[in-house]
């Protein structure tokens, strides 16, 4: 049973760690993806699944390497899981599912082009990415898996690049309104 939990944690972190890489494919080339006649997701989703496979193969050897074992680490992990789930829920309150899915970035005929700065986004510009980070850190803390810690580090590094690219793309789309928002609201770690 314990090995199953470790495997689920590793696989969850494999998927989460590739999310920034998926968006790195989109943000610098948003105009290109919008110019395509067919849905870009026909290309992007298979590429993302390929990323999962590559990252899974690269970390397979370490998928069961446990740095520590402690039931106590599941307490902060549970809190982080709850915070992550809360952030996901808050992120969807003022954002449509199409916005969450990136339709405005990749589909030319997508009409919903609005900047949302209320709700949780009044405290953090990218709450979904913060939720992803909470979930990855929770899996890492709870299981003590070396692979989860490594994949979390990968997500943080690639996420930093991805957020810069996304901010540039949003600034291009929304102009001065986004620049002002960017200056007043932190990217991932909120001010309280």
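The values are calculated or read from the model by the stated rules, or taken from the named source; none is laboratory data. In this text, all values refer to a predicted model and were calculated from it rather than measured experimentally. No Cβ is skipped: glycine too gets one built from the backbone with ideal geometry, and neighbour counts run over all protein chains shown.
Some points to look at:
- Test: residue in segment 10-27 that is out of contact with any helix residue (DSSP H, G or I) (no Cβ under 8 Å at 6 or more places or on another chain) and at pLDDT below 95: no
- Taking first residues from segment 140-160 that are at positive phi and surrounded by fewer than 21 Cβ atoms within 10 Å (Cβ to Cβ) and partners that are at pLDDT 95 or above and part of a helix (DSSP H, G or I), the Cβ contacts under 9 Å between residues at least 6 apart in sequence or on separate chains come to 144/73.
- Top-ranked residue of segment 62-96 - restricted to ones that are at pLDDT 95 or above, over 17 Å from the mean Cα position of the chain (by Cα) and assigned to a helix (DSSP H, G or I), ranked as farthest from residue 173 (Cα to Cα): 72
- Residue 99 passes every criterion in (1) under 21 Å from residue 167 (Cβ atoms); (2) outside any loop (DSSP other than H, G, I, E, B); (3) at pLDDT 75 or above apart from (3).
- Whichever residue in segment 174-192 is part of a helix (DSSP H, G or I) and surrounded by 15 or more Cβ atoms within 10 Å (Cβ to Cβ) and, among such residues, is nearest to the chain's Cα centre (by Cα): 182
- Looking only at segment 41-61, and only at residues there that are surrounded by 15 or more Cβ atoms within 10 Å (Cβ to Cβ) and more than 29 Å from residue 143 (Cβ to Cβ), the one that is farthest from the chain's Cα centre (by Cα): 41
- Any pair with Cβ under 6 angstrom, 6 or more apart, that starts in segment 108-132 at a residue that is farther than 22 Å from residue 22 by Cβ and ends at one that is at pLDDT below 90 and part of a loop (DSSP other than H, G, I, E, B): 118/94; 119/93; 119/94; 123/190
- Yes/no for residue 62 being touching a strand residue (DSSP E or B) at 6+ places or on another chain (Cβ under 8 Å) and more than 25 Å from residue 185 (Cα to Cα): yes
- Positions within segment 27-61 being within 20 Å of residue 133 (Cα to Cα) and touching a residue at least 40 places away in the same chain (Cβ under 8 Å), in sequence order: 27, 55, 56, 59
- Total residues in segment 161-191 satisfying the condition of being closer than 23 Å to residue 135 by Cα and without any contact (Cβ under 8 Å) to a residue 24 or more places away in the chain: the figure is 1.
- Residues of segment 23-40 that are over 17 Å from the mean Cα position of the chain (by Cα) and surrounded by fewer than 17 Cβ atoms within 10 Å (Cβ to Cβ): 29, 31, 32, 34, 35, 36, 37, 38, 39.
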